């Protein structure tokens, strides 16, 4: 099977959200006690395998809202008007489950987030938004 055939079979180019998980100076550290940080990341990866890219990154400079997760829309979601959604204080399994269900359903631009995620949503400064790796 050639590369083109493999890509078509795997759905390369298919719309996928990116779930960026901050694991910098405060997020993912003992500064947020009572949370299995490695377990949270592993759960996100396993729950979203084949649905979204989950990537840990260094500090996103929103330390006062640790743990921070940013949901970036798929190409299709972006064309439909979706923009990255920044979520802070994602420190319990229920919040992570709400995020994975939303992303699996399509994410920003394609499906409205569960209402409970509004409690976690925040608008970072332009400087912080621009620091998010593409």
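Side notes on the structure shown:
- Test for residue 87: is it in contact with a strand residue (DSSP E or B) (Cβ under 8 Å, 6 or more places away or on another chain) and crowded, with 20+ Cβ neighbours inside 10 Å: yes
- For the range 45-134, the helices (runs of 4 or more DSSP H) that sit wholly inside it and include 2 or more residues that are within 11 Å of the chain's Cα centre (by Cα) and free of Cβ contacts under 8 Å to residues at least 60 places away in the same chain are 93-105.
Let's see how each residue does on (1) surrounded by fewer than 18 Cβ atoms within 10 Å (Cβ to Cβ); (2) modelled with pLDDT under 95:
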{"position": "44", "(1), (2)": "no, no"}
{"position": "63", "(1), (2)": "yes, yes"}
{"position": "99", "(1), (2)": "no, no"}
{"position": "108", "(1), (2)": "no, no"}
{"position": "124", "(1), (2)": "no, yes"}
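The values are calculated or read from the model by the stated rules, or taken from the named source; none is laboratory data. It should be emphasised that the depicted structure is a prediction, and the values quoted were computed from it without experimental measurement. All Cβ positions, even for glycine, are placed from backbone atoms using ideal geometry, and neighbour counts span all protein chains on display.
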